[in-house]
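Take a look at the structure set out below.
Quick note: the coordinates plus some simple rules give every number you see, no bench work behind them. Everything quoted here is computed from the prediction, not taken from an experiment. Don't worry about glycine lacking a Cβ; one is built from the backbone with ideal geometry, like all the others, and counts go over all protein chains shown.
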Amino acid sequence: MTTLTPTPELDAVAALSVESEIGTLREVILHRPGIELNRLTPANREELLFDDVLWQSRARTEHDTFAEALRSRGVVVHLFGDLLHDTLQDGHARSEAIAGTFTEDRFGARLAAALRDQAEDASSPWLADVMLGGLARRDIDTRVGRALALEVAAPDGFLLPPLPNTLFPRDSSAWIYGGVQVNSMAMPARRRESLHVDLVYRHHPLFAGALRYDDPHRVGSAPATEGGDILVIGDRTVLIGMGERSTPPASSGSRRGCSRPGRRTG
């Protein structure tokens, strides 16, 4: 259990904050299931941490019903897909997204360069769809030339896996009183989610000046922790759990991060 020491940052009146898990909800980030859910299959669902494939149209209908129920009670609903699209309108954010998505480690030097060139000329919605929905072998234009990653991939295989767990934004970041922590995810199938969330928090105008408890330079490489193991219980006190997805070093790091003045975005 961590009790936060009063600081000017925490005492400042913040437009965005979480003071308690059981207080009145005023704003929330949800993710409406998109192309990434279409690409969840019986063949990849276990690797992507799902027990079964989902009924796509029913999932979207249930999500829309839930979002509308929140709005009807005065809650402002921010859809993560919209936040990401808006963020990619920023030139710096777009360049970071392209560099972080089409890496040589994943695609090899030649194919990564060709895909980065393609992405530079593509629309922001196309780039967002690739970031969330992944890139299958069949999606890649044969005109990019020969590449070993293409030659060994199955026709319906993914060179960049989809991210259907984006559906659970509670895990990839956590608001703790007047600041936010972007979490490094434990499971390989979810690690790219943190990079997308970090991009939004650093470049979207909604979060300009937001207090960050984590180190943005270590997103994706810091010890693993997930938002479901972080509980804000009020009176400047936070419960931080440990388990399969939140390691002891990460829990200690979260405690240190919350106990010192953070970093401002934007």
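Miscellaneous remarks
- As a ratio to 2.2 N^0.38 Å, the alpha-carbon radius of gyration for the stretch 148-206 is 1.44.
- Karplus (6.51, -1.76, 1.60) ³J(HN,Hα), θ = phi - 60°, over the stretch 170-177, in Hz, Gly and Pro reported as x: 4, 7, 7, 8, 9, 7, 10, 6
- For the chain, the longest principal axis of the alpha carbon atoms and the long axis of helix 91-101 meet at an angle near 70°.
- Computed [θ] at 222 nm, helices only, for the chain once each DSSP H run of length n ≥ 4 contributes -39500 (n - 2.57): -11000 deg cm²/dmol
- Enclosed volume per residue, in Å³, of the convex hull spanned by Cα atoms of the chain: 132 Å³
- Amide proton proximity set for Trp175, modelled H, under 5 Å, gap of 5+: Gln181
- Exposure proxy ranking, count of Cβ atoms within 10 Å, fewest first, for Arg192, Arg26: Arg26, Arg192
- Exposure proxy shown here: for Asp64, Asp198, the number of other Cβ atoms within 10 Å sets the order, fewest to most, as Asp64, Asp198.
- For the stretch 75-164, applying the loop criterion from DSSP together with a ceiling of 14 other beta carbons within 10 Å to the trypsin sites (Lys or Arg not before Pro) yields Arg146.
- Residue order, fewest to most surrounding Cβ atoms within 10 angstrom, among His63, His203: His63, His203
- Here the stretch 84-205 has an Rg and Dmax of 15.1, 51 Å, counting Cα atoms alone.
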